[in-house]
Amino acid sequence: TRKPITMGNLSYPRGYEWARQDSNLRPWDYESPALTAELHARFEASLVRVSASAGRFFAAMSTSPPSVDMQLFRDGLSSWASGVTIVTATGPSRIAGLTASAFSSVSMDPPLILVCISRSSGAHDNLCEAPGFAVHVLGRDQEDLSNRFATAGIDKFDGVDFQAGPFDAPLLAVGAARLVCERHSTPDGGDHTILVGRVVDVEMGQQSPLLYHSRSYGTFTPQ
């Protein structure tokens, strides 16, 4: 049996202090099983209301804003000036290559780089499943090569000079630089796969890099 506590001139069972607001209740009414059940029901209903309110509050706090408009996103990214690369590899079924500007260093120790490969690309599986690959940092005179490897539905290696390198990766002529990589990992990147490679060889070229900005090619002039 709950021991009553005193509030004002009346005594109420412990846990039902709020019941003092009901002027129709008298201290001895708490001996009634029916009233005790009613008070329990009221208390549980109040807990449900509090729980629902808390749920709505935390749901509102955790709701993420909608993604930006796709065209606006593309326009924003086009303002970023980057170099241009061609990624090549010999995959499970054939040699493959594509042009990519989404290239970056990741780590110095171990020496890691990444390049993002579109899942919709016909070269995706062979590039991402190959044991290794080559990243060609294009020089200013390799714009035509960039356009060729950016074109879908053609044999990109037809008429292009290359030789087999480590991991059987096709090695094109060196423009600004060329990195040969062992596949390190392939984490998910939304509609792209992030191909991470551990660099095992670097060859430097003599050309200044080919750049890409606002959907146009350009070159770099040191000041």
Subject >> Amide N of region 114-142 lying under 18 Å from the label point, which is placed 7 angstrom from the Cα of Phe73 along Cα→Cβ >> reply: 116-121
Original post:
Shape call for region 104-201 from the C-alpha gyration tensor, a ≥ b ≥ c root eigenvalues: rounded (a/c under 1.5), prolate (a/b greater than b/c) or oblate?
Top reply: oblate
Subject >> Förster-model FRET efficiency, 45 Å R0, Tyr217 and Asp109, C-beta, rounded to 0.05 >> reply: 0.85
Subject >> Ordering of 208-217, 125-134 by packing [mean C-beta count within 10 Å, highest first] >> reply: 125-134, 208-217
**OP:** May I ask you to compute the full-extension gain from Asp155 to Glu182, defined as 0.36 nm times their residue separation minus their alpha-carbon distance, rounded to one decimal in nm?
**Re:** 7.3 nm
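Every number in this text was worked out from the coordinates using simple rules, so none of it is lab data. The structure displayed is predicted, hence computed values, not measured ones. Every residue, glycine as well, gets a Cβ built from its backbone with ideal geometry; the counts of neighbours run over all protein chains shown.
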